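Asker: Encoded as structure tokens, here's the structure I'll be asking about.
Every number in this text was worked out from the coordinates using simple rules, so none of it is lab data. Fair warning: this is a prediction, and the values are worked out from it, not measured in the lab. For neighbour counting, all protein chains shown are included, and Cβ atoms are generated from backbone atoms with ideal geometry for every residue, glycine included.
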Amino acid sequence: MPTSHYTPAETRRNWMLFLVFLVIFILMLMFMNQWFWVAMPFMLTFLVMALGYM
């Protein structure tokens, strides 16, 4: 079970940043597929932070 020490505002911000980087990731995968991995660490980091595992 995740134990999050983030406030609701920080959790909301983490979800928004995850969604922003998810869109960037998908666009890079579609148009610059050799560079899609550049956005992946940011996307996954904010996902983990939004879920409360980090």
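Asker: If you scale each eigenvalue of the Cα gyration tensor by 5 and take the root, what three semi-axes come out for the chain, rounded to whole angstrom and sorted largest first?
Answerer: Over the Cα atoms of the chain, the ellipsoid semi-axes are 25, 10, 6 Å.
Asker: Quote the FRET efficiency, to the nearest 0.05, computed for VAL23 versus THR45 with a Förster distance R0 of 22 Å and r equal to the Cβ-Cβ distance.
Answerer: So, using R0 = 22 Å, E works out to roughly 0.90.
Asker: Could you work out how far helix 40-51 tilts from the main Cα principal axis of the chain, as a 0 to 90 degree angle to the nearest 10?
Answerer: 20
Asker: Next question, about the same structure. Considering Cα pairs under 8 angstrom that are at least six residues apart, work out the relative contact order of the chain and quote it in whole percent.
Answerer: It rounds to 54 percent for the chain.
Asker: Something else now. Measure nothing but the geometry: give the 0 to 90° angle between the long axis through the Cα atoms of 8-31 and the longest principal axis through the Cα atoms of the chain, rounded to 10°.
Answerer: 10
Asker: Oh, and also: Test of the criteria: in the chain, which chymotrypsin sites (Phe, Trp or Tyr not before Pro) are in a DSSP loop and have at most 13 other Cβ atoms within 10 angstrom of their Cβ?
Answerer: Sites meeting the loop and neighbour criteria: TRP35, TYR53.
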